[in-house]
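The block underneath contains the structure these notes are about, expressed in structure tokens.
The values are calculated or read from the model by the stated rules, or taken from the named source; none is laboratory data. Computed from a prediction, not measured in an experiment: that's the story for all the values here. Methodologically, a virtual Cβ is constructed for each residue, glycine included, from the backbone with ideal geometry; neighbour enumeration extends over all protein chains shown. Please note that ligands, DNA and RNA were not included when accessible areas were found on the heavy atoms of the full protein model with its side chains. Shrake-Rupley method; radii C 1.70, N 1.55, O 1.52, S 1.80 Å.
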Amino acid sequence: MRLLIADDHGLVRDALSSHIERQAPGAIVVGAASVDEAVALLRQEKLIDLLILDLRMPGMNGLDGLQRVRTEFPALKVALMSGLARPDEIRGAFARGAVGFLPKTLSATELLSAIQTMLSGERFIPADLNTADTADGASFTRREREVLDYLLQGRSNKEIARSLELEEVTVKLHVRGICRKLGAKNRTQAVMRAVEMGIAS
């Protein structure tokens, strides 16, 4: 696992690097202090698996820095990191191809879990940021999307569990997560919200 962390605060880069290397022995973490420096490193380092960009960093100019990186390195997985982000910024980041949003308040274990989620091909956004304002379909895990698709077909938890070869209690947890992300009180409301927001397949 080779990561590039771009943050203009050296202490933040060092702390994140230490957290990751301690939690995942063998991981290689490279640091950059600006978007320009990150781009220069990416041109040299062809094997970076994930770039983590600080949202409030020189050269970002809102989401312009993310767009610049995505344009030059379209195959690279890029996540944003910030202590604070508005819902429109998170939506904009996903619209520009980001694979996740990482709050700086994540613990070392949570950070590594988030990184592994993104490296596996899924998008990551913390549960407490999954409000109706940010739900656009990008924040659901692959399994949640499968469960949501069955909900849209009117299937019961037992039927969904049988179809996906899961325990019924696991399906209930996924349904609860879907409701939380859509700001819905129950499965019926979740289906209605999904249709209204264009998330439905």
What is the distance, in nm, between label points placed 7 Å from the Cα along the Cα-to-Cβ direction at Arg143 and at Ser156?
2.2
Per residue value of the accessible surface for the chain (all protein chains in place, 1.4 Å probe), Å²
50
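Considering only protein heavy atoms, with the full assembly of protein chains and a 1.4 angstrom probe, order Glu146, Glu168 by accessible area, largest first. If you can, show how the numbers build up before the last one.
Values: Glu146 50, Glu168 70 Å².
The ordering from most to least exposed comes out as Glu168, Glu146.
Does region 1-70 come out rounded, prolate or oblate by the C-alpha gyration tensor, with a ≥ b ≥ c the root eigenvalues, rounded set by a/c under 1.5 and, if not, prolate when a/b is larger than b/c and oblate if not? Walk me through the intermediate numbers first.
Details: a/c = 2.25, a/b = 1.44, b/c = 1.57.
Cα axes put region 1-70 in the oblate bin.
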Relative to the longest principal Cα axis of the chain, at what angle does helix 187-196 sit, 0 to 90 degrees, rounded to 10?
60
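For Leu47 and Arg86, compute 0.36 nm times the residue count separating them, minus their Cα-Cα distance, and round to one decimal in nm.
Working: separation 39, 0.36 × 39 = 14.04 nm, distance 3.15 nm.
10.9 nm is the gain from fully extending Leu47 to Arg86.
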So how much accessible area does Leu11 have, in Å² to the nearest 10, using a 1.4 Å probe?
150
